[in-house]
Amino acid sequence: MTDQRQEPALVQSGDVEDLVRIWNEAFGDDPEYIRNFLRLAAEPDNVVVSHEDGKAVSAAYLLENSLVVRGRSYSAYYFYAAATDPEYRGKGHMSRIIEYCIALAKERDVDFIYLVPAEGSLYHYYSKYGFRTCFYARTVNFSRKELAAAICGEESAEPEAENPYTFALTDVPKVREEALAGTDHVALDYKVMQYALFEHASCGGEILCDGNSYALYNNNNGTVVITELCPPTLDGSMARLLLQLDARKYVFHAPYVCEVEGHRKTLGRAGMAIALNKKARTASGQMQNAYIGITLG
């Protein structure tokens, strides 16, 4: 039988329904959610597809961001939502897409591509293409009593009785960059940031923001999971406001090195990157415990 595969290429308008199908089969998301991403966050020049039998069967998305290392900003693509139609897996489609994306980024003089492996085994898979683990994070678990003690210095202390703050979505990017100024980190493009916040809200997430700090969180059956707290410290208004929530348990996701401390914490890898040119390789060698934080999906 003749091989009907084609080399990876940028998306065409006729590929959209195939993209929705591939994503839905790989991740189980609602088709309308997928179409919202394609409409609001995906740039056609940054969507790479692989075809076989006259249809798109594999795809990945490049989202434009920056990577800040030692206070210097480097251009970066976030390699996101890579997936292949189950019927066409094991035939090299994703390998060729990864290689195409690396070549495309180099051609465009982009410094880095970074990604978040969906599972541990994929760290080895991506390492074959030159990606290395350079993003790390800490997860800290508190009971309500432990969090009160960590915030206030004594177990009996109570937070303020009411929330005096007004939500301000536009404050988030500025607050984030100021809070992470001393940390190697991903600096989200404004468009990506806005979509990430939209996605967070559409999935039931909530936000507290007062112009000087913010917390992104989900409250699930008495467990509050804090996706991002900026500045990442328990000595501030956001931590006290979180304590007011009706929760038995609090789980903080935070930079590897930060002031969020507790007895039950884990430190682990959170993502990978590949340096695409000489200046990026130099920066990569200087990078320490870099922070991704807000991601999509």
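The values are calculated or read from the model by the stated rules, or taken from the named source; none is laboratory data. All values reported here derive from a predicted model rather than from experimental measurement. No Cβ is skipped: glycine too gets one built from the backbone with ideal geometry, and neighbour counts run over all protein chains shown. Accessible surface areas use protein heavy atoms only, side chains included; no ligands, DNA or RNA. Shrake-Rupley method; radii C 1.70, N 1.55, O 1.52, S 1.80 Å.
Overview of values
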{"quantity": "Student exercise, the chain dipole from Lys, Arg, Asp, Glu Cβ charges, in Debye to nearest 20", "calculated": "1060"}
{"quantity": "Backbone HN-Hα couplings from phi across segment 214-230 [Karplus 6.51/-1.76/1.60, Hz, Gly and Pro as x]", "calculated": "8, 9, 9, 8, 10, 10, 10, 6, x, 10, 9, 9, 8, 5, 8, 10, 10"}
{"quantity": "Reach of Lys278 by Cα under 19 Å, taken over aspartates and glutamates that are not fewer than 8 positions away in the same chain", "calculated": "Glu99, Glu107, Asp109, Asp111, Asp184"}
{"quantity": "Portion, in percent, of the accessible area of segment 39-113 that falls on carbon or sulfur, probe 1.4 Å", "calculated": "44"}
{"quantity": "Of Lys106/Lys128; Lys91/Lys128; Lys106/Lys265; Lys106/Lys174, those spanning more than 27 Å from alpha-carbon to alpha-carbon", "calculated": "Lys106/Lys265; Lys106/Lys174"}
{"quantity": "Point-to-point label distance, Arg248-Ser121, nm (Cα→Cβ direction, 7 Å offset)", "calculated": "3.4"}
{"quantity": "Förster radius 45 Å - calculated FRET efficiency between Lys91 and Leu267, Cβ distance, rounded to 0.05", "calculated": "0.75"}
{"quantity": "Relative contact order (percent, whole number), the chain, Cα cutoff 8 Å, 6+ residue spacing", "calculated": "22"}
{"quantity": "Per-residue [θ]222 nm for the chain (sum of -39500 (n - 2.57) over DSSP H runs n ≥ 4, rounded to 500)", "calculated": "-9000 deg cm²/dmol"}
{"quantity": "Linear extension gain, Gln288 paired with Asp235, 0.36 nm per residue minus alpha-carbon span", "calculated": "16.6 nm"}
{"quantity": "Percent RCO, i.e. relative contact order, over segment 228-297, from Cα pairs under 8 Å lying at least 6 residues apart", "calculated": "37"}
{"quantity": "Unit charges on C-beta of K, R, D, E only; dipole of segment 176-252, Debye", "calculated": "280"}
{"quantity": "Per residue accessible area of the chain, 1.4 Å probe, in Å²", "calculated": "48"}
{"quantity": "Sulfur and carbon atoms: percent of accessible area, segment 173-287 [1.4 Å]", "calculated": "50"}
{"quantity": "Positive-end extreme of charge dipole, segment 1-105 - chosen from Cys101, Gln6, Leu19 (charges on Cβ)", "calculated": "Cys101"}
{"quantity": "Built amide H within the under 5 Å cut-off of His51, gap 5+", "calculated": "Gln6, Val57"}
{"quantity": "Paramagnetic reach from Arg21 in segment 42-80 [backbone N under 17 Å; point 7 Å along Cα→Cβ]", "calculated": "49-60"}
{"quantity": "Cα gyration tensor category, rounded, prolate or oblate, for segment 169-297 with a/c compared to 1.5", "calculated": "prolate"}
